[in-house]
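The values are calculated or read from the model by the stated rules, or taken from the named source; none is laboratory data. Please read all numbers here as calculations on a predicted model, not as lab measurements. Quick reminder, even Gly has a Cβ in these numbers, built from the backbone with ideal geometry, and neighbours come from all protein chains shown. When the accessible area is computed, the model is the full protein with side chains, heavy atoms only, and any ligands, DNA or RNA have been set aside. Shrake-Rupley method; radii C 1.70, N 1.55, O 1.52, S 1.80 Å.
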Amino acid sequence: MNLFQTPPQTITDIQVAMKAGQLTCGELLETCFEQIKQKEPLLHAWAYLDEESAFQQAETLDQELKQGKWRGPLHGIPVGIKDIIDVKGMPTKAGFPEREDSPAIRDATVVENLRIEGAIFPGKTVTTQLACFDPPPTRNPWNQEQTPGGSSSGSAAAVAAGMCLAAVGTQTGGSIIRPASFCGVAGLKPTYGMVDRQGLILLSEHLDHIGPIAHTLTDLVMMLDAMTDQATYLPLLIEPVKEAPRIGWLSDFFESKADETMRQAMAITRQKLEAAGATVKNGELPAEFASILENHLNLMQYEMAQNLGKDYEQEPDAYGTAISQVLDAGRAVTDEMYQASLNYQTQIAPQMRKLFSRYEILISPATVGAAPDISTTGDPSLNAPWSMTGFPTISIPVTVTEQGLPLAIQITGHPDKFDDLLLAAQWCEDVLRPGYLEQILS
């Protein structure tokens, strides 16, 4: 059963209706909870819901609107928070249903920033156990026999199903981009360090990122501005972007891992971008890139074992198969191997930066193919390189397969030129999104 919300309800659309007095915060929240009540029994996107608190938030925000106070683009917008991030008054179970229900005593910094900007929190969205690879209870809104991806499974599924208008996810390997892609929505993994991680259950100091999931790039940027408390990027996207970007097309490493359906989708996408005026050239990855997945895995396993190992040793039976394997493998990563992977991370980023002397952005497939079945969360190998380098990456859906599942591209930018990434990604979305919407609405 396809439970994807069509047409997608965007923050941009809601903002217009609220400013015109055609919609209240309470009415919007009621619509989202109606979607939750209808679809949650099939999708299992939420780890925790607090309807009473959410409507109290909505009432306060509606009173502010009557007084002429407008907090910004997220005023009254329901936002899901991945259940590995603290929300005051809500438990953080991190994929352990039996964990104690003790509520968090304070908001994570990212949640505090969103709250100040007027976001409403219906609850916590499902994460795979400790944001690892064990399949979650969450199902894909497009087809409940397929995975929504992981580890931000509930965040992506909730947005796709219209249960909230945006959500917060995290990525250590591919946990924002992959579920967003599988669920037919947009995802943004910011530059490493852009979003404060206080209040996040930390897995890997050198790999963890926090980022938004929403329907469009503009919505992602509204979220990011609020999450970082900077409010600097949205003005870039007010006017349509006219100048076509120079694109580096990453085919060798990335498309060699993709299935035939994804490769065909990438070829058609490239043709559309070139026909619209983009200069697209095959990007050549440095030789050092060949070992990026091995080094990413060593770094991730070692740091997860250091951060989570003590709790795992005390109660190993509570841990799933995949997270147990990661933590066990982390013990076998020596200090020397770990230091070598840290050195590699330091060295590969400057090598990759050289590509941006020729291109504004790099484009590659966001996943190896459409969402697989529920026995897995999918392959993160096409996303992990950007977690390892810390380069900012945006995924946007571009097509739907004959089986009715979405496919997406990922657009990667220079870590010090985030403005360039946003402008180029906006141009790409303007070219590609109309065809995607035509497919899903037909």
Inset, instruction - Please state, as a whole number in µm²/s, the translational diffusion coefficient that the Stokes-Einstein equation yields for the range 42-94 at 10 °C and 1.306 mPa s, with Rh defined as the Kirkwood radius across alpha carbon pairs. - result: 123 µm²/s
Inset, instruction - Tell me what the chain gives for mean residue ellipticity at 222 nm when only DSSP H runs of n ≥ 4 count, each as -39,500 (n - 2.57), the sum divided by the residue total, rounded to 500 deg cm²/dmol. - result: -13000 deg cm²/dmol
Legend entry - Cut-off under 5 Å, modelled amide H: who pairs with Trp46 long-range: Val126
Inset, instruction - With a cut-off of at most 16 other beta carbons within 10 Å, and DSSP calling the residue loop, which GluC sites (Glu not before Pro) in the range 105-208 qualify? Please list them. - result: Glu145, Glu205
Legend entry - Within the range 166-275: Cβ-based charge dipole about Cα centre, in debye rounded to nearest 20 (Lys, Arg +1; Asp, Glu -1): 240 debye
Legend entry - Distant-in-sequence amide H partners of Val398 (H built 1.01 Å from N, under 5 Å): Leu407, Ala408, Ile409
Inset, instruction - Using only the Cα atoms of the chain, construct the convex hull and provide its projected area averaged over every direction, in square nanometres to one decimal. - result: 19.5 nm²
Legend entry - Using alpha carbons only: equivalent-ellipsoid semi-axes of the range 317-442, gyration tensor based, whole Å: 31, 25, 9
Legend entry - Area accessible to solvent at Val368, 1.4 Å probe radius, in Å²: 40 Å²
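Only sites in a loop by DSSP and with at most 15 other Cβ atoms within 10 Å count here; which trypsin sites (Lys or Arg not before Pro) in the range 18-108 make the cut?
Those that pass, being in a loop and sparsely packed, are Lys69, Arg99, Arg106.
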Legend entry - Cleavage-rule hits (GluC sites (Glu not before Pro)) in the range 350-442: DSSP loop, at most 13 neighbouring Cβ within 10 angstrom: Glu402
Legend entry - Separation of alpha-carbon centers, the range 14-60 and the range 394-442, rounded to whole Å: 27 Å
Inset, instruction - Please calculate how many Å² of accessible area the chain carries per residue, with a 1.4 Å probe and no DNA, RNA or ligand atoms counted. - result: 38 Å²
Legend entry - Using alpha carbons only: equivalent-ellipsoid semi-axes of the range 383-442, gyration tensor based, whole Å: 26, 15, 5
Legend entry - Global geometry of the range 210-334, whether rounded, prolate or oblate, following the gyration tensor of its Cα atoms and the 1.5 cut on a/c: oblate
Legend entry - Eligible lysines near Lys417 by straight Cα distance, threshold 17 Å, same-chain separation 8 or greater: Lys189, Lys354
Inset, instruction - Take the solvent-accessible surface of the protein heavy atoms, probe 1.4 Å, and return the percent of it on the range 282-426 that carbon and sulfur atoms account for. - result: 46 percent
Inset, instruction - Quick one: plug the Kirkwood hydrodynamic radius of the range 293-349 (C-alpha pairs) into Stokes-Einstein at 37 °C, 0.692 mPa s, and report D in µm²/s. - result: 281 µm²/s
Inset, instruction - Pull up the cross-link candidates among the lysines for Lys37, meaning alpha carbon to alpha carbon under 28 Å and not fewer than 8 places away within one chain. - result: Lys19, Lys82, Lys88, Lys93, Lys124
Inset, instruction - Using the Kirkwood radius over Cα pairs, work out the Stokes-Einstein diffusion coefficient for the range 88-215 at 37 °C and 0.692 mPa s, in µm²/s as a whole number. - result: 224 µm²/s
